[in-house]
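These notes concern the structure reproduced below.
The numbers here are math on the coordinates, done by the rules we state, and not lab data. None of the values given here were measured: they were computed from a predicted structure. Here the Cβ positions follow ideal geometry from the backbone for every residue, glycine too, while neighbour counts run over all protein chains shown.
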Ligand SMILES: [Zn+2]
């Protein structure tokens, strides 16, 4: 479908042989390409082709950006072929054992995650919706947005929602130097800690909030979950993330450091690319069916359609008997199978 559309639009736009060619408005062509790419990504999600899915998602992000900018030349460049990041099997295996997706959760256990905020109005609206249904959510926030709306993040924290790191300025980590990636991580860790009221307050939050099953031998030193912008990473990026230590588990005098966790997702609502709450809902439940009715679900807290979709999704999850658990539950479930990679541990500059 994508290729047919591309071919069709190329003919329409490049063919100047006709005196009065019938052009499709560029905005319609771009939207059609975005929809076609989303269908393709949907298909890769269902077939479980991780490599094709990753490429398709990168294309979809780029197309959506070009759509926002009305940049048709960019759309053509993207469709012509772009610098793609291909994973080999070894890398896929490395990611599978060192990242959180929630695939180790029990059937009918899901984690709701919300990226890209805080947003001045939608974040609290979503928190209200979660609270009304007495369910949990983790918010992966962008440092510079926290700086702009610190009171929103503070309110989320004080209402019991866990805040996590989604970089300082939402750049693709694969394009950054090691030093820039570390700065993106550290600056956001610092502002997260400041809106959470410091490290003692974060430890207290864990004791209050994750009372059941919280390992009291574990002492947090920093927020412990990060998601890279666009979920974009390679081995270099992931190694840099995993080199950060965020907590210590001490038994007697023996202490073991725990690494910063890269939290990906299993279920992708693609809510940012789709204005229709019903098709967002259908996509989420279709994927849940494909992945054993479990996993971390990815939403974005900055889009009105996500709020509307959640108004349908949350009651349906509850009626269908799902338990909405926390990202910390996903971590505990994953720890049983995880093999920490070799390499140095980097102590975060406080
Ligand atoms: Zn994001």
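Annotation: peptides 266-277, 38-49, 143-154, ranked by per-residue average of other Cβ atoms within 10 Å with the highest first, follow the order 266-277, 143-154, 38-49. Cα extents for the range 53-156 along the principal axes, largest to smallest and rounded to whole angstrom: 46, 38, 24. When a/c is below 1.5 the answer is rounded, else prolate if a/b is larger than b/c, else oblate, so apply that to the range 96-335 with a ≥ b ≥ c taken from the square roots of the Cα gyration tensor eigenvalues. Judged from the Cα gyration tensor, the range 96-335 comes out rounded (a/c under 1.5). For the range 96-335, the relative contact order is 32 percent, taking Cα pairs closer than 8 Å that sit 6 or more residues apart in sequence and dividing their mean separation by the residue count.
Would you mind telling me the antiparallel percentage of the DSSP bridges in the range 96-335, rounded to 5?
Numbers: 9 of 33 bridges.
DSSP beta bridges in the range 96-335 are roughly 25 percent antiparallel.
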